[in-house]
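Have a look at the structure below, then the notes.
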Amino acid sequence: MRSRNYPSVTLALAIGLTTPAFAEDEGFLGGTQLQIINRNYYFSQDYRNGDFTRNPNTGERQSQHREWGHGIIANLQSGFTQGTVGLGLDVQGLVGLKLDGGNGTVGNGVGVPGIVSRSGSNFDGEPKDAYGKVGVALKARVRDTELRYGDVSPTSPVLHASDIRLLPQTLRGFMFNDHSLQGLSLQGGKLESSSDRNASNHRGDLGTVYAGRLKGANDVVYLGGDYRFNDQLNLRLHASRLDDVWNQQFFNVDYVQPLVDSLTLKTGLDYYRTRDSGQALAGKIDNDSWSVHAGVNAGGHGFKLSYTRIDGDTPFDYVWNTYDIQLDAASQVSDFNNPNERAWEARYDYNFAVLGLPGLSLTARYVRGSDIDGTRAGGAYSYYNGIEDGRHWERNLWVRYVVQGGPARNLSFNVMQATHRVGGGHTAEANVDELRVIVEYPLDISL
């Protein structure tokens, strides 16, 4: 089947699945919700000073990425049937349309940055004009516990499905969320495959972002909890095991202290501990990564300083193509997570609501990393061996506006600009100027 015909099949399947087999049950239909998100995404990367990437299809030097696409994300969530155990169904239909981007300007939207999908199992063929897929998850609810099996989107700091490109990533397997105890939120599960952001199937191999996909990593198991003591103090504790790759634990504490009127102090600590396990498919891993931050909010102004440290001869790594890592220095272009790296961040946020412009916000960040040393990295991370005293910096400027009312309520506009520069022989990353322009309109439909 040619990719340009795929969206019609996808939509037909999604429509067919929106008529549940349990339609006669009032509880099932009574809680049904349908949300359709239209996401228009422009993505551009301009490489400077001789830096470049390789075209996934031809292997030729590629000095820029320039892509434009439109994504349609349809989420149908049923209610639960009546009774002690309520049953339900979640269906997600995804369609991606290429609006602009040729073979010489797009990445692959997976391991090489970009938003347009390429054909082929390794996403290294010609760019697709369109692509899509349907995901289904069965669910059950017992009191305050919900269980899902199928195509799901976990949100743990050790396993967080990515939604930073045109279409979201999903993983296939089992997960649960529990809110039985006041202030405590538990989650966990076992996932056996990944559906990449630009894939048209659900059986992609697991692996890690910096070691690549690994055939022998059969599943990832995770478990964790968040506890809210009060409006000031929050704790998080999570752990995961990536089969024959690693065991990873995460701890977080955030504290908020009001000082005087309109002045608030915010502090926090994030810590990851990662050790290789089983057959150590990615090689030896002995990594402790942490960040600490302190900041103040005053009226519409927010100021924050943070320090991030990677203690280990391998980078801080996470499950293949997931995202939202909880380290303060993680940025638009770089994660600032290289072997033995130390990174400082200064951040300023402004909420224009104080000027009578609710929905408009601005963020400016500057991050500088140094002391990168990968000379002792081994296994899948040996490509760091040539870096002994690497350094880099990144500057971000983000502007966001969300329409507050009327027919276009929740229509959002995001402009994200980043400048990234490297030095000291830091060959694992590149000099690049990046621009993302994202327009998104979520539409909630009552059924």
Only residues in the stretch 85-109 that are surrounded by 22 or more Cβ atoms within 10 Å (Cβ to Cβ) count as the first member; pair them with residues that are in a strand (DSSP E or B) and among the aromatic types (Phe, Trp, Tyr), Cβ under 7 angstrom, at least 6 apart or cross-chain, and list the lot. GLY96/TYR131
Being open to solvent by less than 10 Å² (accessible area, probe 1.4 Å), within 18 Å of VAL209 (Cα to Cα) and under 21 Å from the mean Cα position of the chain (by Cα) is the filter here, so list the residues in the stretch 331-367 that pass it. SER331, SER334, PHE336, ASN337, ASN338
Being touching a residue at least 24 places away in the same chain (Cβ under 8 Å), part of a strand (DSSP E or B) and touching a strand residue (DSSP E or B) at 6+ places or on another chain (Cβ under 9 Å) is the requirement here; does ASN414 meet it? yes
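Condition first: under 24 Å from GLY88 (Cβ atoms) and out of contact with any helix residue (DSSP H, G or I) (no Cβ under 7 Å at 6 or more places or on another chain). Can you find one or more residues in the stretch 127-134 that meet it?
no
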Consider the stretch 229-248. How many of its residues are open to solvent by 40 Å² or more (accessible area, probe 1.4 Å) and either among the aromatic types (Phe, Trp, Tyr) or touching a Ser or Thr at 6+ places or on another chain (Cβ under 8 Å) (or both)? 3
Against the definition (open to solvent by less than 30 Å² (accessible area, probe 1.4 Å), more than 21 Å from the chain's Cα centre (by Cα) and of a type in the set (Val, Ile, Thr)), how does ILE387 come out, yes or no? yes
Which residue pairs have Cβ atoms under 7 Å apart, sit 6 or more places apart or on different chains, and have a first residue in the stretch 135-149 that is free of Cβ contacts under 8 Å to residues at least 40 places away in the same chain and over 26 Å from ARG197 (Cα atoms) and a second that is part of a strand (DSSP E or B) and open to solvent by less than 60 Å² (accessible area, probe 1.4 Å)? ASP144/ASP178; THR145/PHE176; THR145/ASP178
Does VAL403 satisfy the condition of being more than 20 Å from the chain's Cα centre (by Cα) and either open to solvent by less than 50 Å² (accessible area, probe 1.4 Å) or free of Cβ contacts under 8 Å to residues at least 60 places away in the same chain (or both)? yes
Please specify each residue of the stretch 117-146 satisfying the condition of being open to solvent by 40 Å² or more (accessible area, probe 1.4 Å), modelled with pLDDT of 95 or more and under 22 Å from the mean Cα position of the chain (by Cα). VAL136
Turns out the strands (runs of 3 or more DSSP E) fully within the stretch 200-318 with at least 3 residues that are in contact with a Phe, Trp or Tyr (Cβ under 9 Å, 6 or more places away or on another chain) and modelled with pLDDT of 95 or more are 233-242, 246-260, 263-276, 286-298, 301-311
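Go through the stretch 359-404 and count every residue that is farther than 30 Å from GLY283 by Cβ and either at pLDDT below 95 or not in a loop (DSSP other than H, G, I, E, B) (or both). Give the steps one after another, and end with the answer.
Taking the stretch 359-404 first, the residues farther than 30 Å from GLY283 by Cβ are 359-366, 395-404.
With either at pLDDT below 95 or not in a loop (DSSP other than H, G, I, E, B) (or both) added as a condition, the list becomes 360-366, 395-402.
Final tally of qualifying residues: 15.
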Of the residues PHE174, PHE251, which single one is open to solvent by 50 Å² or more (accessible area, probe 1.4 Å), farther than 20 Å from THR274 by Cα and not basic (Lys, Arg)? PHE174
Out of all the residues in the stretch 70-116, which are of a type outside the set (S, T, N, Q), in a strand (DSSP E or B) and under 20 Å from the mean Cα position of the chain (by Cα)? HIS70, GLY71, ILE72, ILE73, ALA74, GLY93, LEU94, VAL95, GLY96
Is there a residue in the stretch 341-352 that is in contact with a helix residue (DSSP H, G or I) (Cβ under 7 Å, 6 or more places away or on another chain), of a type outside the set (Phe, Trp, Tyr), at negative phi and not in a loop (DSSP other than H, G, I, E, B)? no
With (1) of a type outside the set (A, V, I, L, M, F, W, C); (2) within 23 Å of GLU429 (Cβ to Cβ); (3) in a loop (DSSP other than H, G, I, E, B) as the list, and GLU67 as the residue in question, which single condition is left unmet? (3)
From ASP324, ASP328, residue being closer than 25 Å to ASP254 by Cα, at pLDDT 95 or above, within 20 Å of the chain's Cα centre (by Cα) and in a loop (DSSP other than H, G, I, E, B): ASP328
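The values are calculated or read from the model by the stated rules, or taken from the named source; none is laboratory data. On a predicted model such as this, the values are computed, not experimentally measured, just so you know. Positions of Cβ are generated from backbone atoms using ideal geometry, with glycine treated the same way; all protein chains shown enter the neighbour counts. Quick note on the areas: whole protein, heavy atoms, side chains included, nothing else; ligands and nucleic acids left out. Shrake-Rupley method; radii C 1.70, N 1.55, O 1.52, S 1.80 Å.
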